[in-house]
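Asks: Pasting a structure below so you can have a look.
Taken together, the values in this text are just the output of simple stated rules run on the coordinates, not laboratory data. Keep in mind it's a predicted model, so treat the numbers as computed, not measured. In this analysis, Cβ positions are derived from the backbone assuming ideal geometry, glycine residues included, and neighbour counts consider all displayed protein chains.
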Ligand code: GLY
């Protein structure tokens, strides 16, 4: 078990506990007498580890609310529903709201906790790799509004975040790969030897899965469960390493005035890809590995595509390298390919330009683009979308 703190100045304001098992969660919950758990209905039904958490919560007389988790349900209405439930159940200022689920559930329950009675304490147990390494750390809470993602929200830190790879055993493969992209993104920002360790692990997991499930014809669910059990120590180490990177960045720049922007590596492109995919739907040729169903593109897949584009942009910006595939781009895309993460963008820079111009983080006509110079070395550079399109042509 490892504890990582998020600081404001010298004061620890939030703690992240990384553990291979679930026992530590009970210890984290012990100080809180009135627990209100908001749990993703899907994981409550499908994840054995979450069933054990629910039993633990029942033993602590916690109240439990199951919620639907989808981008469509990530709204103020759902947050109001959570607030109504808290009110109906007499949640007081000493309540602890525990969110159990992926980033959608933690963002919504966190936001409800920030506004209910002007703020009650909250904690997270993220159940996806993506939320373990990114969404549940750093205190961003919020909901979608009109057609904008996460446009309403606040930054406030949870009491604690409990990270445990055991919950990943029932995660759909595609969601796991979404988390792979965010983890590799974190280590492109700050390496410490973890980028290659993660790339190797995800290559091993992907090859072992293919061998056992696709070639030897074993049950996919059983193969996945065995793989998660086999690799849980290395996964926990890498999840902890990613959490340490993010906790460090957030401690230095909680409210995203500067350094925290680098966590958005690949995200300006990713946002454009996700938006176009929503509008488009259907299939598109991505120019590399074939036809792609863009409608269901996951956030992590879009981030992977965005990172590959960011690597190309960086090479052209710093080195005027006009080759089709540059060295860093080739390395990152090969690692995603080996981990089974689609990473070739099906849209041209011109197609993405209109949406990138509306990036909510744009200032004075310029967008903060995070450019990877090498693994573990990124810089934020303000560029107009026109400059980016010209460089990527
Ligand atoms: N997901 C980026 C951040 O938390 O700042």
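Asks: Determine, for 359, 107, the number of other Cβ atoms within 10 Å of each Cβ, and report the residues in order from fewest to most.
Replies: 359, 107
Asks: Oh, and also: Using only C-alpha positions, report the orientation-averaged shadow area of the convex hull of the chain, nm², one decimal. Mind showing how you got there, number by number?
Replies: Working: hull surface 74.5 nm².
Projected over every direction and averaged, the Cα hull of the chain covers 18.6 nm².
Asks: Taking the chain as a Gaussian network, Cα atoms linked when under 10 Å apart, which of 148, 36, 317 shows the biggest mean-square fluctuation?
Replies: 148
Asks: Next up: For residue 76 and residue 11 in one chain, what is 0.36 nm times their gap in residues minus the Cα-Cα distance, to one decimal in nm?
Replies: This chain segment gains 20.2 nm when fully extended.
Asks: Figure the gain on full extension for residue 27 and residue 324 (residue separation times 0.36 nm, minus the Cα-Cα span) and round it to one decimal in nm. Walk me through the numbers on the way to the answer.
Replies: Working: separation 297, 0.36 × 297 = 106.92 nm, distance 5.34 nm.
Taking 0.36 nm per residue and subtracting the Cα distance, the gain is 101.6 nm.
Asks: What is the stretch 1-92's relative contact order, in percent, from Cα pairs under 8 angstrom and six or more apart in sequence?
Replies: Once divided by the residue count of the stretch 1-92, the mean separation gives 23 percent.
Asks: Let me ask something additional. Using the 10 angstrom Cβ neighbour count as an exposure proxy, how do 133, 249, 167 rank, fewest first?
Replies: Ordered by Cβ neighbours within 10 Å, fewest first: 249, 167, 133.
Asks: Next up: For each of 162, 124, 318, 347, count neighbouring Cβ atoms within 10 Å of the residue's Cβ, then give the residues from fewest to most.
Replies: Exposure proxy ranking, most exposed first: 318, 347, 162, 124.
Asks: Continuing with this model, one more query. In a Gaussian network model over the chain where Cα atoms closer than 10 Å are linked, find which of 27, 277, 62 has the largest mean-square fluctuation.
Replies: 27
Asks: Now for a separate question. Would you mind telling me which residue in 153, 102, 119 has the biggest mean-square fluctuation in a Gaussian network model of the chain, where springs connect alpha carbons within a distance under 10 angstrom?
Replies: Comparing 153, 102, 119 in a Gaussian network model of the chain, the most mobile one is 119.
Asks: Between residue 226 and residue 41, with labels modelled 7 Å along Cα→Cβ, what's the label distance in nm to one decimal, could you check?
Replies: Each label point lies 7 Å from its Cα, and together they span 3.4 nm.
Asks: Right, something else. Just from its helices, what would the mean residue ellipticity at 222 nm be for the chain, if runs of 4 or more DSSP H residues each count -39500 (n - 2.57) and the sum is divided by every residue, rounded to the nearest 500 deg cm²/dmol?
Replies: Taken over the chain, the calculation gives -14500 deg cm²/dmol.
Asks: Given labels modelled 7 Å from the Cα in the Cβ direction, how far is it in nm from residue 56 to residue 357?
Replies: Simple spin-label model gives 5.0 nm for this pair.
Asks: Take the Cβ-Cβ distance between residue 65 and residue 259 as r, set R0 to 45 Å, and report the resulting FRET efficiency rounded to the nearest 0.05.
Replies: Using R0 = 45 Å, I get an efficiency of 0.80.
Asks: Next question. If we sort 38-48, 375-385, 251-261 on the protection proxy, mean other Cβ atoms within 10 Å, highest first, what's the order?
Replies: 38-48, 375-385, 251-261
Asks: Follow-up question, since we're still on this one. Need one number: nm distance between label points at residue 155 and residue 118, each 7 Å from Cα along Cα→Cβ, rounded to one decimal.
Replies: 2.3 nm
Asks: With contacts defined as alpha carbon pairs under 8 Å and 6 or more residues apart, what's the relative contact order of the chain in percent? The partial results should precede the final answer.
Replies: Working: 728 pairs, mean separation 59.0, N = 393.
15 percent.
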